[in-house]
1. Please state the charge dipole magnitude for the stretch 152-276, taken about the Cα centre, from unit charges on C-beta atoms (+1 on K and R, -1 on D and E), reported in debye and rounded to the nearest 20.
2. Defining a contact as two alpha carbons under 8 Å apart and six or more residues distant in sequence, what relative contact order in percent does the stretch 233-324 show?
3. Net charge within 12 Å of residue 95 by Cβ-Cβ distance, Lys/Arg positive one each and Asp/Glu negative one each, not counting residue 95 itself?
4. Once you order the gyration tensor axes a ≥ b ≥ c over the Cα atoms, which shape class does the stretch 203-323 get: rounded for a/c under 1.5, otherwise prolate or oblate by comparing a/b with b/c?
5. Just from its helices, what would the mean residue ellipticity at 222 nm be for the chain, if runs of 4 or more DSSP H residues each count -39500 (n - 2.57) and the sum is divided by every residue, rounded to the nearest 500 deg cm²/dmol?
6. Cross-link partners among lysines for residue 67, C-alpha distance below 22 Å, same-chain residues fewer than 8 apart left out?
7. By counting other Cβ atoms within 10 Å of each Cβ, how are 129, 60 ranked from fewest to most?
8. Quote the FRET efficiency, to the nearest 0.05, computed for residue 111 versus residue 311 with a Förster distance R0 of 41 Å and r equal to the Cβ-Cβ distance.
Amino acid sequence: MKLSSKILITICLTFVSLFLFVLYFLGYPNENIAFLFSDQKETNSLIPKPKQKSSLVFSILKTGEAKTLEALVIEGGSVFKIVTVAHSGFYIQHPKGNFLFDTGLGTKIKEQFQVFPLYLKLLMDYQLIQTASGQLETNGVKMDSIQDVFFSHLHWDHASGLKDFPSAKIHSLLSELNNPKLELGYISSQFDGDSVNWNPLEFQNKPYASYAKSLDWFGDGTAVFVPMKGHSEGSVGLFLHTENRETFFLTGDIVWRQEGFLNQKHKPRGARWIVDFDTATLGEEISRVHELLKVNPDLQVVPAHDHDVQSPLGFYPMLIGKNK
C-alpha cells in the first residue's frame, strides 16, 4: 500500500522538526558569550596571595556519579562521547576549623529523589557511591566536629546531605530560598524545618580579584568565598590557597565541565531551561572566570560535577594541596 504524498510530506516535516528541535535543545546555534572582562586591567583579575603561610588542605568527597553524553553537559559536546558526572562535596581542613562546601548525595537521597516528576528523574538519574557523612565517619571523623557546612547553592544534588550534619551551622545566601521550586531542581525537604541551624552568608564590601565582594572565612586569605551570578539566585564560589602554595577555585555549577570556562561555553540550551536562573548574567560569570584563568595561569578551577578534573586530584581520603 502506497503512502500518499501528503502523508510522506507530513512525516518528513515531523522528522525534520524533531531533528531541529534536538539541535536547538543541545545548544545549536551556541549562545554567544561576550568578552565582558577582557578590557579591564590585568591587576583587577590577579588573585591575592594569603597573608601568611597556608596550612589548608582539602579533599573531594565523591558521593555519586552518572554517565551521560558529553552533548548533554556542555554546548557543542559530542553525541558520541560518554562522560562521567560526579556528585561531590568538598572537605576543607584548616588549623582554625574544618568545614564542608556542599554535601553531594545524602542518606535520604532515595526518598528525596522520588518527588521529582518522571522527566526529571530520567534526566537526573544517579548512582549513589557513599554519602559524605558515611565517608567521614568511616575514616574516624566525628559528625559533631563539622561545625560549618557551606553551600555553593541548594539544588538537590548539592544539599541532599544537609541534614546529615545536625550540629553544624548551615551557610547559604538567603536569596537561595527566594524561589526553591521543584521544577528548578530544589527539594524542600532537604533544607526545611526548624532543625536546620541557618547562618546566612553575608559578603563584605572587600574586592577579591575581579569580585566586588568577598568573605575571608579564616581571616588569613586561605579560604575566600565570592558571590557568583547566573546559575541560581544565590550561587557561591570558594577560593582555596593550600599548604603547597597551589590555588583552587571551587565554582559549583556555573559550568558542568571545565571546558565551559576555557572555551566560554554554556551548558546545553535544554539544561539551561531547567537548571539555570539567568543566562545573561551566567555568561558574564563564565567570562569572568575565563579571564581569571588567563591572568592566573596556575589557577585550578574545579566545577562541582567535572569528574575529569576531580579524578586526577584524587578522592577522599586523599589530601589535596599538602606539602610532600
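Just so it is clear, none of the values below were taken in a lab; they were calculated from the coordinates. Remember, predicted model here, so these are calculated numbers, not experimental data. Reconstructed Cβ throughout: ideal geometry from the backbone, glycine too, with neighbour counts over all protein chains shown.
1. 440
2. 39
3. With Lys, Arg at +1 and Asp, Glu at -1, the net is 0.
4. Judged from the Cα gyration tensor, the stretch 203-323 comes out oblate (a/c at least 1.5, b/c at or above a/b).
5. Result for the chain: -7000 deg cm²/dmol, rounded to the nearest 500.
6. 81, 108, 110, 121, 265, 267
7. 129, 60
8. 0.90
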